[in-house]
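The values are calculated or read from the model by the stated rules, or taken from the named source; none is laboratory data. Computed from a predicted structure; not experimentally measured. Here Cβ is always computed from backbone atoms with ideal geometry, including for glycine, and neighbour counts include all displayed protein chains. Each accessible area value is taken on the protein alone, full model and side chains, heavy atoms only, with ligands, DNA and RNA left out. Shrake-Rupley method; radii C 1.70, N 1.55, O 1.52, S 1.80 Å.
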Amino acid sequence: MTEELCAILSQKMSFEFKPLYDLVYANLHARNAASGGDEMLRLRAYEKLQNLVHDGMVTKTAKKYRGRPAALQIVSSRLEEWRVAANKRTAALQAG
């Protein structure tokens, strides 16, 4: 979810929450990564978005959200590092 938010908000556009959530949901659904009910996903997306705003990676003006691409790139690369490390741990556990 955070990855999708970062990818979408890295564009130089502002989004209101509803269109932003629709894009996130469509991307997650395309990857078969959308699990749980729609309301639960919406709440998770909103919570993660608010965390990004609180951490200064996304700015909120009125009802529109705009990402800070440089900051979001750092988050995306960190998430990728964590995923690679988790995959290595999983492979090591399965191997032995």
In the stretch 56-95, what residues are surrounded by 11 or more Cβ atoms within 10 Å (Cβ to Cβ), touching a residue at least 12 places away in the same chain (Cβ under 8 Å), in a strand (DSSP E or B) and of a type in the set (S, T, N, Q)?
none
Could you grab me the full set of residues in the stretch 8-19 that are in contact (Cβ under 8 Å) with a residue 24 or more places away in the chain and open to solvent by 60 Å² or more (accessible area, probe 1.4 Å)?
Gln11, Lys12, Met13, Glu16
Scan the stretch 8-42 residue by residue and report those that are under 19 Å from Met57 (Cα atoms), over 11 Å from the mean Cα position of the chain (by Cα) and not in a helix (DSSP H, G or I).
Gln11, Lys12, Met13, Ser14, Phe15, Glu16
Looking only at the stretch 32-68, count every residue that is out of contact with any helix residue (DSSP H, G or I) (no Cβ under 9 Å at 6 or more places or on another chain) and within 14 Å of Glu3 (Cβ to Cβ) and tell me the total.
1
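Residues of the stretch 24-42 being among the hydroxyl-bearing types (Ser, Thr, Tyr) and surrounded by 11 or more Cβ atoms within 10 Å (Cβ to Cβ), which ones?
Here is the first cut: in the stretch 24-42, the ones among the hydroxyl-bearing types (Ser, Thr, Tyr) are 25, 35.
The one that is among the hydroxyl-bearing types (Ser, Thr, Tyr) and surrounded by 11 or more Cβ atoms within 10 Å (Cβ to Cβ): Tyr25.
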Which residue out of Val58, Val24, Val53 is of a type in the set (A, V, I, L, M) and in contact with a Phe, Trp or Tyr (Cβ under 6 Å, 6 or more places away or on another chain)?
Val58
Looking at this structure, is Tyr21 touching a Lys or Arg at 6+ places or on another chain (Cβ under 7 Å) and of a type outside the set (A, V, I, L, M, F, W, C)?
yes
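Restricting attention to the stretch 43-55, and to residues there that are part of a helix (DSSP H, G or I) and open to solvent by 60 Å² or more (accessible area, probe 1.4 Å), which single residue is farthest from Pro19 (Cα to Cα)? First the steps, then the outcome.
Step one: filter the stretch 43-55 for residues part of a helix (DSSP H, G or I), giving 43-54.
With open to solvent by 60 Å² or more (accessible area, probe 1.4 Å) added as a condition, the list becomes 43-44, 46-48, 51, 54.
On the way: Leu43: 15, Arg44: 15, Tyr46: 12, Glu47: 16, Lys48: 16, Asn51: 19, His54: 21 Å.
Checking each candidate, the answer is His54.
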